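Worksheet: one structure, shown below.
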Amino acid sequence: MYWLWMFVIGLLVGIVAKVLMPGRDPGGFIVTGLLGIGGMFVGGFLSNLVFGTGAIGGPIQPSGFIGGVIGALILLAIYRAVKRRA
């Protein structure tokens, strides 16, 4: 059940990341949502490395949402850089 919530929250994180980083994206809504889901995983991984508080399978907390947004912003920036070069 945790993974399902992570995907749903990840879609919301993608939308928030898009709002925080406006501009022309090569992808649409689906790509932004996938980047948000990936951002949740990246943000969780980075918070585990920095703070050592990996709660995989635990409840989703506000700090996880913020970490997910930061991870999604990182992935969105990388995605834009790669698509510009191609």
State all residues of region 43-79 that are aliphatic (A, V, I, L, M) and modelled with pLDDT under 80; if no residue qualifies, say none. 46, 49, 50, 55, 56, 60
Residue hits (region 3-50; over 14 Å from the mean Cα position of the chain (by Cα) and either closer than 14 Å to residue 65 by Cβ or not in a helix (DSSP H, G or I) (or both)) are 22, 23, 24, 25, 26, 27, 28
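Residues checked against (1) modelled with pLDDT under 75; (2) under 13 Å from residue 73 (Cα atoms):
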site: 2; (1), (2): yes, no
site: 7; (1), (2): no, no
site: 30; (1), (2): no, no
site: 36; (1), (2): no, yes
site: 41; (1), (2): no, yes
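The values are calculated or read from the model by the stated rules, or taken from the named source; none is laboratory data. In this text the structure is predicted, and so the values were computed from the model without any measurement. FYI the Cβ positions are ideal-geometry reconstructions off the backbone, even for glycines, and counts take in every protein chain you see.
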